[in-house]
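Shown next, in structure tokens, is the structure this report addresses.
What follows is calculated from the coordinates using simple rules that are stated; it is not laboratory data. Since the model is a prediction, treat every value here as computed from it, not as a measurement. Heads up, the Cβs are rebuilt from the backbone with ideal geometry, glycines too, and the neighbour counts pull from every protein chain shown.
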């Protein structure tokens, strides 16, 4: 399934077990040039992937993928790649092509919010605004769930809007059809429709009649029921590639076995027409003889992109090209006694239909809230109230999206950078880390935007409480926040005042180091807990009415809310000094961040009552707490790159050190202005808190070993609770 995107957000993916072969920064441990999630798939299934090439792709490259049954869904030149639907059976052979750099699953992602005040006074942006720094002339691209145009955006204007969310029919499925009979072959499908294929179908509760099985990739139910029964109650669930899900309660019956000799073999060809580039699945109706059966194409061939399941007679896949009339072939059915039956069949494939995009309005509510934190100019004032907003919608009404959609939005921001002076991209979204940033196409996209002169700000994630692997939330930074170029932001609690002295880290804020590469993250922390900002309708507002403050203002929490505080700060710096590079903006913000913290703090979840202890090391608070006015007053200009450093663990001495990424001329050195003690602070890096003095992180194989296993993380209910309730 494609990777879903996450606004640093409410819906979490269950993480698969991910082996870490080599603890080398920037090294991809996968030997076959593809994501580990693409191992062991049903060879008859299709999967959404992003293929990157060793150079700018041309028609020849797309034809190569097409020769392996791949269907191009979106061109992704920013990362020298494309988004394809590809037969799982072709992944290894395609990856072996020397033109292929890497094949990644098109992961799903979501918003990184939880459910405040707009935090300007806490980071001193109100003082900057009073001095005339309001972000005037700076374009900020909000890549999120869309933006509802609010009257509170008085000075700032939405100057450009585009959606990358397919306007797909609602996800739907039926119960298995027809009557089953003990001892007789049964084949049916739950007929999944709508949403974004491919799908994952499961039995959420109950059990199928004995002898029947479900194909999770197609939703086909086939087999030979062993005994009659009349009350097999099951719940069939389906999830699509964009993270949407639905279910259906069903009741199956199995009639008694029929006596007498077997009937003659017979079958009926598949129903319905196929459409190029659209998912197709149908099960042949077979009966008679002595089941089970074997199916084959004895003459002719199926349309390109479709495959036959020889055990069930199901045809499924994504047709690559339309046909002129039906493509005819002969389907042969052979029973267990060796008798055969042939049937002339044909499948027509119609022309591909363009998939329309949704409108750019915010049907979820997350993107509008994020935008208000940057640019609201009403009762609650954003950090940079006069910026221009570029609204690039990538998340649907449930806060879900995919890698491909976000990469396309980043491409658009880069292409429009000169037109709208886009200097900042805000990504309050993310997903789990599945591979090194060096091969992850989402990370490669944010790097290209950074190199094009755009500051990229990302949410760290809300998994800082996750102790499923005994790491106390360490190693939970989301992608693309794991990339060393971008500014990755953790969340602070402003404790109901504008005084910074009593502010504490939010225990749910994700912590470093990053998986696979051990990059030191987050880079900085900013207010993100119980933040009041704009809301103009949508799922969040409708579902959680108690979070409504006034008609147009709503409370959310999470690193999704912290990221736009930093995006607004970056816009103020760029208004003041337009010549600053993204690296110089990052360095200036980190250098001037406040580095005075307690050694630890305890937070209590308002719903569960569970206590969480946080320690103020570099993997929790990064370079410190955002201070806008200090950054504006700093006139030093860094040279080199501001890539976040790498943490190195010495197993023999039990010590941890940080170093620059090999081959990079980085800003962080040993000099007085940009030395590590200046950026991160001596107490923050080398404090005496519990984490540094125990084997909790450094003495196990969980983070540093060769067998990194990720648990399921927080359940989606927990994630939603964080977004809506925050913590006290």
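Structural remarks
- Note on region 277-351: Rg/Rh from C-alpha atoms, Kirkwood Rh, equals 1.00.
- 15 Å reach of a label modelled at residue 311, 7 Å along Cα-to-Cβ, counting backbone N of region 204-247: 211-225
- Efficiency of FRET from Cβ geometry, residue 89 and residue 467, R₀ 35 Å, rounded to 0.05: 0.35
- Rounded, prolate or oblate (a/c below 1.5 giving rounded, otherwise prolate when a/b exceeds b/c) for region 62-102 by Cα gyration tensor: oblate
- Residue 602/residue 167 FRET efficiency (R0 30 Å; Cβ-Cβ; nearest 0.05): 0.05
- Computed log₁₀ I(q)/I(0) - Debye formula, equal Cα scatterers, no solvent, the chain, q 0.05, 0.07 Å⁻¹: -0.26, -0.50
- Euclidean distance between Cα centres, region 475-499 to region 48-79, Å: 34 Å
- Kirkwood Rh, angstrom, region 229-295 [1 / mean 1/r, Cα pairs]: 16.0 Å
- Spatial extent of region 257-300: Rg and Dmax, with the Cα atoms as the point set, Å: 14.4, 46
- Most to least packed among 296-304, 121-129 [average Cβ atoms within 10 Å]: 121-129, 296-304
- Inverse mean reciprocal Cα-Cα distance (Kirkwood Rh) of region 339-405, Å: 16.2 Å
- Between region 233-279 and region 182-201, the alpha-carbon center distance in angstrom: 4 Å
- Length gained on full extension, residue 542 to residue 611: 21.9 nm, using 0.36 nm per residue less the C-alpha separation.
- Per-pair calculated FRET efficiency, R0 = 35 Å: residue 355 and residue 127 via Cβ, rounded to 0.05: 0.15
- Net lengthening on full extension, residue 498/residue 634 (0.36 nm per residue, minus Cα-Cα): 46.7 nm
- Rg(Cα) / (2.2 N^0.38 Å) computed for region 180-350, rounded to two decimals: 1.08
- Eigen-decomposition of the gyration tensor built on the alpha-carbon atoms of region 349-484 gives equivalent ellipsoid semi-axes of 25, 22, 18 angstrom, largest listed first.
- Angstrom value of the Kirkwood radius, inverse mean 1/r, which spans all Cα pairs in region 123-225: 19.1 Å
- Between residue 648 and residue 235, the contour length at 0.36 nm per residue exceeds the alpha carbon distance by 143.8 nm.
- Alpha-carbon Debye profile of region 403-554, log10 I(q)/I(0) at 0.10, 0.12, 0.13, 0.19 Å⁻¹: -0.42, -0.60, -0.70, -1.19
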